[in-house]
Amino acid sequence: MNIRNAISESALCSRQKAWYQVQCKPRQDHQAEENLQRHGYACTRPVCRRVRIVRGQPRTVQESLFPGYLFINLPANTDWSPLRSIRGVSHIVSFGGRPLPVANSVVLKLQHREELMSNFHVKCSKLSHYT
């Protein structure tokens, strides 16, 4: 292995973006997502819809699929310290002091699933207006 190849490979890896998991403060998933996006970060918070009883009436509510967590897309060499000061963010999930990347395919599958479910929900809600 050539030292120049090793240096160029590490530089390429540090510029590539990866998904990381962010732990949010309790019940602040939505707020953390909005604030991260407002600061220019690419993030996603998979959600699901479920029926809950609210004041005795069934209501469809949107909840985080992973309560307390969301995903953020950043280069590996990013300075992580500014993220902790964003309202709603607790910390980046890490192992051994280093942020742990999440496989790109996992996040893409979650985003695709969410798209399918939102399209299904829209079609069902349109049909319910006609009956």
* Check on residue 77, under 23 Å from residue 97 (Cα atoms), under 14 Å from the mean Cα position of the chain (by Cα) and among the polar types (S, T, N, Q) -> no
* Top-ranked residue in segment 8-30 [being assigned to a helix (DSSP H, G or I), of a type outside the set (Lys, Arg) and in contact with a Pro (Cβ under 8 Å, 6 or more places away or on another chain); ranked as modelled with the highest pLDDT] -> 29
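Within segment 82-97, is even one residue among the β-branched types (Val, Ile, Thr) and without any contact (Cβ under 8 Å) to a residue 24 or more places away in the chain?
Initial filter on segment 82-97 (among the β-branched types (Val, Ile, Thr)): 86, 89, 92-93.
So of that shortlist, the ones also without any contact (Cβ under 8 Å) to a residue 24 or more places away in the chain come out as none.
Within segment 82-97, none of the residues are among the β-branched types (Val, Ile, Thr) and without any contact (Cβ under 8 Å) to a residue 24 or more places away in the chain.
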* **Residue in segment 59-72 that is over 21 Å from residue 117 (Cβ atoms), polar (S, T, N, Q) and surrounded by 13 or more Cβ atoms within 10 Å (Cβ to Cβ) present** => no
* Among what's in segment 96-131 and is β-branched (Val, Ile, Thr) and assigned to a helix (DSSP H, G or I), pick the residue that is modelled with the lowest pLDDT. => 122
* Structure fact -> Within segment 24-40, the count of residues that are in contact with a helix residue (DSSP H, G or I) (Cβ under 8 Å, 6 or more places away or on another chain) and surrounded by 15 or more Cβ atoms within 10 Å (Cβ to Cβ) comes to 2
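The values are calculated or read from the model by the stated rules, or taken from the named source; none is laboratory data. All of these numbers come straight from a predicted model, not from anything done at the bench. Every residue, glycine among them, receives a Cβ derived from its backbone with ideal geometry; neighbour counts consider all protein chains shown.
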